[in-house]
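Working notes for the structure below.
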Amino acid sequence: MSRTGTRPRVLIVGAGLAGTATAIRLLCFARRPLEIVLLERRSDYRSAGVAYHRDGNPWDYVFNIQAGRMSVFREDVLDFVRWANHEADRSGWPEPWAGLRFVEQGPAPRRIFQDYLSDRLAEARREAPPGVVLVEAEGEAVDLEVRPTGADVTIEQPSGREGGADRSPAVTVLRADQVVLATGLELREPVFASEVRTHASFVRNPYSAAGIRKLVSLPSESTVAIVGSVLSAYDSAGLLLRQGHTGRIHLISRTGTMFRTYPGGHEHGVLRLPCPKTLLEPYRNREEFLVRIRAEWDTACSTVVREHPDVSPVVVAERVVKAWEPHLPEAIERIPTAELRGLLDEFGTALAALRVGVLEYTMAVVERALHAADGAVRLVVGKVEAVRPAESGRLAVSVASPQEEHTIEADLVVSNFGRESDYSRVDRPLWRNLLRRGIAEPHARTGRGLEVDGRGVLLSPGGVAGPVSAVGALREGDEIVRNGRTGAFTFNLAAIKNHSIAVAAHVIEQLEVEEDVSARIAERSSARSTAGRTAESVAGNVAGRRGGVGNLEEAARGEFEDAVVLEARRLASRGRIERNLLDSRLDACIRSMGERPAAAVDAARYDRLMRVVVNRAAVERLTDVSVTPRQLRRQLGMATAEEQEE
């Protein structure tokens, strides 16, 4: 794969949700020629990943959250609903979906998200500036080596069959100026199932085509054991029940945690609650810390019930967790690493259940079967010790609980053991090589994901590892300690929306700064210290020119605020014509700011540096989770008349 002309190249490794969202943003943000290579090792995962690909999502699998929160654009909350109602190709859709008018608070089948992302990627490609191209490539990145001017990525590409035998994959090395890692979730190998991984009655991945086939072809009277009670367990149980399953379904949970059902008409909201001050006291021990948390939790929940009677009791916990997020990083700093990891392991599922609920469409059928006297679903609290073949030909699941140890014989065992978040255990060539080279480092504090800086750039023990950024699940640990995110919100669609904005803006900034530096070097025929200028010194230079203003809160007034809003709207715009108009207005706004240098060369440089600072402030505005998407639209002057009245 050769470079298209002399334009810089960005390689995105992984074309699922995170990779596609980042490619869309790059196509929209770029102002100069650019080649974006979107690499995917599995064609069925393109614009979908493991969570949304059609083969692993039958029509009964719906999003865990309302359809109105599934837009890939944070600043356009209803984009997915509008697409589903007015743009989606419904030929081949079954009832009730074929004739359904989707609404913001209602359900939508997960499998149509692949079509939505594909359409939005195609739209971004059509509306990209001249010279900005998208290349969709097949292959698996297996190694990466950082160079002084970029990175060399080794890619294994499928080669098909020859003479009835599989040929060895073709290996190529692709040079990229910037690399974005969007490899998605990694499956964890369940140690308890080491004897049955290939057994016909064991489903390792319930979102695989093979796993779905086993579920839908299972005789209705069969006994099923589902390991785990996370959201994917409800999908498997619901699928069986909707097709008339009558046999016993065991939901085996170590903690017995069950997720809440969202009330009808539920809307996302952000409350302002007092900082839980006792959480910021020194950490003494686990027991004392948990006592403090429970006391603060009870107080916060009581405050919401008393002062916000419009909030449904079902989502009080969600509102409190969300309100606490800005304060959690400071509290987490006080917890020793070993203790922090233990708390996350012990309460990870509970935190997830507090932070997110499940739609009634999914839960209603499971809850009926769970609570009815003769219901098919039974919750089993305990830890799965082992799954082994039984003499009967079935599988024997050994479950240990504080009260007893017992064995469940099942015709089918479905493992929702989850994902592998410790990248030192991920057995893929890319991660083995990145860790070996010191380009990637497992997150030290949590053991979840990788070390990154505030803009998502990979960090090695010595600092920035190179022009390599990460989006999605790779940043789980950083989201916990930096932003106070918990549960699935460390890597779900909401987090990915913000990652895609920030990483795409950072990549474009780096490419533009490098291009400007190269141009100045060519003009002056001297590299000297200019080549070492970074975006950080750029921001400091501009701050100095603005009379010593050193932070964006002080600078964001008057003309600067106008420029930030214009840039945020440009970044949010999906049409080329509108972006160009906003870009022209932004240039004029920057040229009118303050006292610009008299010399033309210095003035042009000042304008470029100012754009960097304005762009960073605009990215902060677009990714500010302290406001809802609708509030964000009002701030940017993008709200419709109807939204203004809400």
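The values are calculated or read from the model by the stated rules, or taken from the named source; none is laboratory data. It should be emphasised that the depicted structure is a prediction, and the values quoted were computed from it without experimental measurement. For neighbour counting, all protein chains shown are included, and Cβ atoms are generated from backbone atoms with ideal geometry for every residue, glycine included. Surface accessibility is based on the protein's heavy atoms, side chains included, excluding ligands, DNA and RNA. Shrake-Rupley method; radii C 1.70, N 1.55, O 1.52, S 1.80 Å.
Potential lengthening of the chain between V381 and I577 amounts to 64.8 nm, from the contour at 0.36 nm per residue minus the alpha-carbon distance. Between S302 and R188, the FRET efficiency estimated from the beta carbon spacing at R0 = 41 angstrom works out to 0.60. Solvent-accessible surface of segment 168-274, taken per residue with a 1.4 Å probe and all protein chains present: 41 Å². Taking every DSSP bridge with both residues inside the chain, close to 50 percent are antiparallel. Ordered from largest to smallest accessible area (heavy atoms of protein chains, 1.4 Å probe), the residues S302, S229 come out as S302, S229. Peptide packing for 359-365, 49-55, 633-639 was compared via the average number of neighbouring C-beta atoms within 10 Å per residue; ordered from the highest value, the list is 49-55, 359-365, 633-639.
Under the rule a/c < 1.5 gives rounded, and otherwise a/b versus b/c splits prolate from oblate, where does segment 230-370 land using the Cα gyration tensor? Write down the numbers at each step before the final one.
Numbers: a/c = 2.99, a/b = 1.55, b/c = 1.93.
Oblate.
Counting only helical runs of four or more DSSP H residues, what would the 222 nm mean residue ellipticity of the chain come to if each run contributes -39,500 (n - 2.57) and the total is spread over all its residues? So the calculated ellipticity at 222 nm is -12500 deg cm²/dmol. Under a cut-off of 22 Å between alpha-carbon atoms, report the lysines in cross-link reach of K277, not counting same-chain residues fewer than 8 places apart. Candidates past the 8-residue exclusion: K322. For A390, the residues whose amide H sits under 5 Å from its own are L395, A396, ignoring neighbours fewer than 5 places away on the same chain, with H placed 1.01 Å from N.
Cα convex hull of segment 164-276: how many Å³ per residue? Walk me through the intermediate numbers first.
Working: hull volume 33.2 nm³, N = 113.
Considering the Cα atoms of segment 164-276, their hull volume per residue is 294 Å³.
Here the peptides 99-107, 15-23 are ranked by packing, the mean other Cβ count within 10 Å, and the order with the highest first is 15-23, 99-107. Estimated from the Cβ-Cβ distance and a Förster radius of 30 angstrom, the FRET efficiency linking E95 and D374 is about 0.55. The mean of 1/r over all distinct Cα pairs in the chain, once inverted, gives the Kirkwood hydrodynamic radius of 26.6 Å. Projecting the Cα atoms of L430, A84, G342 onto the dipole axis of the chain, where Lys and Arg carry +1 and Asp and Glu carry -1 at the beta carbon, places L430 farthest toward the positive end.
Once the other residues with Cβ under 15 Å from the Cβ of I212 are scored (Lys, Arg +1; Asp, Glu -1), what is the net sum?
Details: positive: R54, R110, R111, R204, R213, K214, R242; negative: D44, D55, D60, D235.
So the environment of I212 carries a net charge of +3.
With the contact rule set at Cα under 8 Å and sequence spacing of 6 or more, what percent relative contact order holds for segment 1-148? Please report the intermediate quantities before stating the final value.
Working: 236 pairs, mean separation 50.3, N = 148.
The normalised contact order for segment 1-148 reaches 34 percent.
Dipole check for the chain: with +1 at the C-beta of Lys and Arg, -1 at the C-beta of Asp and Glu, and the Cα centre as origin, the magnitude is about 920 Debye.
State which helices in the chain qualify, where a helix is a whole DSSP H run, it must extend 30 Å or more along its own axis by its Cα atoms, and its mean Kyte-Doolittle hydropathy must be at least -1.0.
Working: long enough: 286-307 (31 Å, -0.40); 493-524 (46 Å, 0.19); 600-622 (33 Å, 0.07).
Counting only whole DSSP H runs, the qualifying helices are 286-307, 493-524, 600-622.
Stretching A390 away from S118 to a fully extended chain increases their span by 93.4 nm, per 0.36 nm per residue minus the current alpha-carbon distance.
Averaging sequence separations of C-alpha pairs under 8 Å and six or more residues apart, then dividing by the length of the chain, give the relative contact order as a whole percent. Mind showing how you got there, number by number?
Details: 1126 pairs, mean separation 100.8, N = 646.
In percent, rounded to a whole number, it is 16.
Selection among P313, G357, P329 by position relative to the dipole of segment 245-383 gives G357 as farthest towards the positive end (Cβ unit charges, Cα centre). Taken along the Cα-to-beta-carbon direction at a fixed 7 Å, the label points for R591 and V270 span 3.5 nm. Per-residue surface analysis assigns I577 an accessible area of about 130 Å², computed on protein heavy atoms at 1.4 Å probe radius.
Please report, in debye to the nearest 20, how large the charge dipole of segment 7-87 is about its Cα centre when each Lys and Arg carries +1 at its beta carbon and each Asp and Glu carries -1 there.
460 debye
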